[in-house]
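Enquirer: The structure is given below, and queries will be raised subsequently.
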Amino acid sequence: MPSATPPLGLLYLAAYLRSKQPVDIHLIDSRAEGWPAERLTREIIDFDADIVGFTATTSAALMMQEAVRLVRQALPKCLVVLGGPHVTAFGPRALEAIDAHAVVRGEGELLFEQIVSAHVNGDDFDGIPGLIWRTRSNEVAVNDGVAPVIENLDELPFPAYDLLNMDPYWRVARMSHVPPGRYAAMFSSRGCPYRCIYCHRIFGKTFRTHTAARVAEELEHYVRTMHVNEIEFVDDVFNFDATRVLEFSDLLLKRNVKTKIVFPNALRTDTLTEESIDALIAAGMYHSCFALETGSPRLQKYIRKNLNIDRFLKAVDYATRKGVFAHGYAMMGFPTESEAEIKETIATVCRSRLHTAVFFTVIPYPNTELYDMIQQLRPELLEKIQYEDSGYTGFAGNLSDVPDNRFFALQREAWRHFYLSPNRVYRIVRNYPSPKYLTRFLPVYVLRLGKGLYD
């Protein structure tokens with residue numbers, strides 16, 4: 001089933017750039033529009049762009065590579081800049097595969113504005129700290145220094161939703177199988193202070209926030225101007241500052257802003273308290289994801305998530321009893337993971353009050369500690385991974401100590417054990433926010449139960 005999420009990185013970038021430069025910006029999300037590279041390129045050519053910025057996840061990198069090639073052919077004087085999760089992870093390697101002029105890793109507003117200024121003035125990019133770029137002699141250069149970040153996020157203008165056609169997003173499924181609806185996505189913070197070995201470093205490890213007042217103001221702005229009835233927070237860890245959670249909820253109630261709120265990946269579950277859950281529900285939370293990753297206490301330390309499993313289960317239990325529909329994330333196949341630990345994860349997820357869950361295969365993405373570990377311990381595994389075609393659920397690899405045939409049998413067992421529970425099926429049907437829409441997912445689950453996700 002197709003899905004898409006508003007490209008918040010581009011929306012922030014566009015809003016910031018036009019607050020600093022006299023630019024005309026045209027924003028396209030080819031995934032939401034369902035366009036191939038050729039159709040996307042025609043749109044860029046028709047706009048007669050002077051500068052084109054591409055962003056993509058790793059699973060969409062092949063399309064980005066083809067689109068850049070076509071743009072460079074049609075608009076040879078156009079400056080092409082890459083950003084987003086894929087190039088942040090791959091760094092200089094991205095320019096080896098894609099014929100662009102520059103790569104912005106991580107947070108892009110300040111760096112991209114410097115690139116635009118230099119380009120307009122006819123200057124090289126050698127003075128822009130941390131930039132990866134292609135010199136006039138076609139060599140890939142990596143500038144010294146660290147790319148700057150915005151410390152006070154409240155200084156940023158609201159993301160430029162006026163540049164985006166939201167209709168496609170309101171018609172399709174969203175993260176965590178939330179029913180389609182009229183919504184806007186938001187970041188309330190950037191960065192994550194936790195040190196999970198498998199996780200990205202796009203916004204760094206320093207936690208920076210919009211103030212509760214700014215978050216409430218922005219949320220109300222979307223409700224009033226875009227007439228949305230739902231907000232999706234896509235932070236890494238929305239609730240790291242518990243006081244801000246309570247203040248945000250209180251401000252929404254005082255402003256009499258009524259909306260539904262979804263957290264597809266933004267809550268650290270074991271730090272949720274009954275007070276903070278109650279506050280979020282009062283603000284509008286009705287659907288949330290809860291990331292366990294592993295049910296093994298040893299692996300929690302090994303992967304540096306250090307999640308308290310008992311507190312995780314208690315928070316999920318409390319949230320669901322208060323009416324929140326709970327979707328869970330688990331990961332299988334960590335280095336050194338034993339069969340007993342895989343079973344421990346399955347048992348933990350199955351005894352939880354999660355309504356739905358996904359059992360992901362661990363993927364060692366570049367620019368993570370996990371990737372560096374595998375590069376040292378089992379480099380032959382990295383040669384088998386086609387990152388551009390993998391997505392989140394397409395890596396048929398196994399980093400654990402369990403033989404492949406047994407590992408994938410356990411993964412199929414996890415899906416079946418979880419979803420064949422009569423009580424869980426009853427709770428899904430009873431509590432799913434849109435029973436009519438639930439029928440669209442039944443073929444997906446039947447396929448997973450019958451064949452296993454990774455056959």
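Enquirer: In the chain, which cysteines lack any other cysteine Cβ under 4.7 Å from their own?
Expert: Within the chain, the cysteines lacking a partner Cβ under 4.7 Å are 78, 192, 289, 350.
Enquirer: Let me ask something additional. Give the lysines reachable from residue 343 as a straight Cα distance under 22 Å; neighbours fewer than 8 places away on the same chain don't count.
Expert: 301, 305, 314, 451
Enquirer: A further question follows. Assuming R0 = 25 Å, what is the FRET efficiency of residue 375 and residue 69, from their Cβ-Cβ distance, to the nearest 0.05?
Expert: Approximately 0.30, to the nearest 0.05.
Enquirer: Where does the chain land on Rg(C-alpha)/(2.2 N^0.38 Å)?
Expert: In units of the 2.2 N^0.38 Å rule of thumb, it is 0.99.
Enquirer: Turning to a different aspect of this structure: Can you run phi through the Karplus equation (6.51, -1.76, 1.60; θ = phi - 60°) for segment 16-32 and list ³J(HN,Hα) in whole Hz, with x for Gly and Pro?
Expert: In residue order, the calculated couplings are 5, 5, 6, 7, 10, 10, x, 10, 10, 10, 10, 10, 10, 10, 5, 5, 5 Hz.
Enquirer: Which value, in debye to the nearest 20, describes the size of the charge dipole of the chain about its Cα centre when Lys and Arg Cβ atoms bear +1, Asp and Glu Cβ atoms bear -1, and nothing else is charged?
Expert: 1900
Enquirer: Another question about this same structure. What accessible surface, in Å², does a 1.4 Å probe find on residue 139, ignoring ligands, DNA and RNA and rounding to the nearest 10?
Expert: Spelled out: residue 139, probe radius 1.4 Å, area about 120 Å².
Enquirer: In addition: With charges only on Cβ, +1 for K and R and -1 for D and E, what is the dipole size of segment 205-286 about its Cα centre, in debye, rounded to 20?
Expert: 260
Enquirer: PRE reach from residue 229 (point 7 Å along Cα→Cβ): which of segment 265-292 fall under 17 Å by backbone N?
Expert: Within reach of a label on residue 229: 284-287.
Enquirer: Per the helix-only calculation at 222 nm, which mean residue ellipticity applies to the chain, given -39500 (n - 2.57) for every DSSP H run of n ≥ 4 and division by its residues, nearest 500 deg cm²/dmol?
Expert: Dividing the helical sum by the residues of the chain leaves -12500 deg cm²/dmol.
Enquirer: Return a whole-number percent for the relative contact order of the chain, with Cα pairs under 8 Å and 6 or more residues apart as the contact set.
Expert: Over the chain, the number comes to 12 percent.
Enquirer: Evaluated at 25 °C with a viscosity of 0.890 mPa s, what Stokes-Einstein diffusion coefficient in µm²/s does segment 209-338 have when Rh comes from the Kirkwood expression over alpha-carbon pairs?
Expert: Rounded to a whole number, D works out at 158 µm²/s.
Enquirer: Picking from 122, 92, 133, whose Cα lies most toward the positive end of the charge dipole for segment 75-133 (charges on Cβ: Lys, Arg +1; Asp, Glu -1)?
Expert: Farthest towards the positive pole: 92.
Enquirer: Something else: Based on the Cα atoms of segment 1-76, what semi-axes does the equivalent ellipsoid have, where each is the square root of 5 times one gyration tensor eigenvalue, given in whole Å with the largest first?
Expert: Value: 20, 18, 10 Å, ordered largest first.
Enquirer: State the Cα centre-to-centre distance between segment 147-207 and segment 339-361 in whole Å.
Expert: 27
Enquirer: Hey, another quick one. What length, rounded to one decimal in nm, is gained on full extension from residue 143 through to residue 386, with 0.36 nm per residue of separation minus their alpha-carbon distance?
Expert: Residue separation times 0.36 nm, minus the Cα-Cα distance, leaves 84.6 nm.
Enquirer: Suppose every K and R has +1 on its Cβ and every D and E has -1 on its Cβ; what is the size of the dipole of segment 1-136 about the Cα centre, in Debye to the nearest 20?
Expert: That gives segment 1-136 a dipole magnitude of about 240 debye.
Enquirer: Compute the distance in nm between two label points, each set 7 Å from the Cα along the Cα-to-Cβ direction, one at residue 417 and one at residue 343.
Expert: Result for the modelled spin labels: 0.8 nm.
Enquirer: Here's a follow-up. Please compute the per residue accessible area over segment 1-98 with all protein chains in place, 1.4 Å probe, rounded to a whole number of Å².
Expert: It amounts to 47 Å² per residue over segment 1-98.
Enquirer: Under the rule of at least 5 residues apart or a separate chain, name every residue whose amide H is placed under 5 Å from the amide H of residue 189.
Expert: Amide H to amide H, under 5 Å and 5 or more residues apart or across chains, residue 189 pairs with 210.
Enquirer: So, one more: Got a sec? Charge dipole of segment 294-435, +1 on Cβ for Lys and Arg, -1 for Asp and Glu; which of 328, 434, 409 is way out at the positive end?
Expert: Farthest towards the positive end: 434.
Enquirer: May I pose another question? Can you give the accessible area of residue 199, probe radius 1.4 Å, in Å² rounded to 10?
Expert: Counting only protein heavy atoms, residue 199 exposes about 40 Å² to solvent.
Enquirer: Kindly write out, for segment 267-275 in residue order, the coupling ³J(HN,Hα) from the Karplus curve 6.51 cos²θ - 1.76 cosθ + 1.60 (θ = phi - 60°), rounded to whole Hz, with x marking Gly and Pro.
Expert: Karplus values, whole Hz, x for Gly and Pro: 10, 7, 5, 6, 9, 6, 10, 4, 5.
Enquirer: Residue by residue through segment 358-364, which ³J(HN,Hα) values in whole Hz follow from phi under the Karplus form 6.51 cos²θ - 1.76 cosθ + 1.60 (θ = phi - 60°), with glycine and proline marked x?
Expert: Each residue of segment 358-364 in turn: 10, 10, 7, 8, 5, 10, x Hz.
Enquirer: Over segment 141-248, what is the relative contact order in percent, taking alpha-carbon pairs closer than 8 angstrom and at least six residues apart?
Expert: Once divided by the residue count of segment 141-248, the mean separation gives 29 percent.
Enquirer: At residue 409 and residue 254, where each label point lies 7 Å from the Cα along Cα→Cβ, what is the point-to-point distance in nanometres?
Expert: 6.1
Enquirer: Let me ask something else about it. Can you give me the % of accessible surface on the chain that is carbon or sulfur? Probe 1.4 Å, all protein chains present, nothing else counted.
Expert: 51
Enquirer: Full extension from residue 78 to residue 304: what is 0.36 nm times the residue separation minus their Cα-Cα distance, to one decimal in nm?
Expert: Net length gain for the segment: 77.0 nm.
Enquirer: Tell me the label-point distance for the pair residue 110, residue 172, using the 7 Å Cα-to-Cβ offset, in nm and rounded to one decimal.
Expert: Result for the modelled spin labels: 3.4 nm.
The values are calculated or read from the model by the stated rules, or taken from the named source; none is laboratory data. On a predicted model such as this, the values are computed, not experimentally measured, just so you know. Glycine gets a Cβ as well: all are built from the backbone with ideal geometry, and neighbour counts include every protein chain shown. The protein model used for the area step is the full one, side chains on, heavy atoms only, and it has no ligands, DNA or RNA in it. Shrake-Rupley method; radii C 1.70, N 1.55, O 1.52, S 1.80 Å.
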